[in-house]
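Values in this text are rule-based calculations from the coordinates and carry no lab data. The structure presented is a predicted model; accordingly, all values stated were derived computationally and were not measured. Neighbour counts are summed over all protein chains in view; Cβ atoms, including those assigned to glycine, are modelled from backbone coordinates with ideal geometry.
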Ligand SMILES: C[S@@+](CC[C@H](N)C(=O)[O-])C[C@H]1O[C@@H](n2cnc3c(N)ncnc32)[C@H](O)[C@@H]1O
């Protein structure tokens, strides 16, 4: 298992991505064709920047990227990216302004994770709260037929969270990337084909 972890870690170093997490997005992109040139993408929980770097490489010179994290991001993503250091729960005016300016989005993706405290149910609940916030931002800022991806720590809230997406997307499904550490309780939930609520 150690070898398996090392493989993605080393690969990320060799390919100049700041985190091995990039391969989870790559697997989802290969399977679900999430990223295309010219898209507008919102990346929630973007630090240290591997998902945003990968996305920016797929978006070409007409795409737009908004990368948001609590932490400052050192990685550059090119001139079409906007990077914000803020809490997604904060309703910070710069976040509201950037969402309005860059959105609506073709893809809202969240790899957000809480700083874990080692108490399983508390960590799962905080992960679910981040997913709910990502979902609410997605529902408010996605284009018609846009897609949503969120990482969740599997637990009692995973199924209700998945169900909460069904009224809003053509297809809802779970995905556990091969590059996700096998001992990790994380999994990804995708909402594909956003349908804004009527009325
Ligand atoms: C696993 S890392 C993301 C890795 C990133 N996708 C990459 O590929 O480099 C999870 C991130 O979620 C961020 N995060 C957690 N809670 C957040 C919040 N309330 N607002 C914004 N970012 C948050 C953390 O700061 C952390 O950088």
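Between residue 195 and residue 72, residue separation times 0.36 nm minus the direct Cα-Cα distance comes to 40.9 nm. Per-residue packing, averaged as other Cβ atoms within 10 Å, sorts the ranges 135-142, 90-97 into the order 135-142, 90-97, beginning with the highest.
Length, then width, then depth: along the principal axes, the Cα atoms of the range 1-54 run 37, 23, 18 Å.
The Cα-based radius of gyration and maximum Cα-Cα distance (Dmax) for the range 1-111 are 14.0, 45 Å.
Give me the percent of DSSP beta bridges within the chain that run antiparallel, rounded to the nearest 5. List each step's numbers first, then the result.
On the way: 13 of 32 bridges.
Of all bridge pairs located within the chain, approximately 40 percent are antiparallel.
Over the residues of the chain, the helix contribution to mean residue ellipticity at 222 nm works out to -11500 deg cm²/dmol, using -39500 (n - 2.57) for each DSSP H run of at least 4. Per residue, the convex hull spanned by the Cα atoms of the range 2-194 measures out at 112 cubic angstrom.
Round to the nearest 0.05 the FRET efficiency obtained for residue 170 and residue 136 when R0 = 22 Å and r is the Cβ-Cβ distance.
Details: r = 19 Å, r/R0 = 0.88.
Efficiency computed from Cβ-Cβ geometry: 0.70.
Give the Debye-formula value of log10 I(q)/I(0) at each listed q (0.11, 0.12, 0.24, 0.25 Å⁻¹), with one equal scatterer per alpha carbon of the range 55-141, two decimals each. Calculated log10 I(q)/I(0) at the listed q: -0.34, -0.40, -1.32, -1.39.
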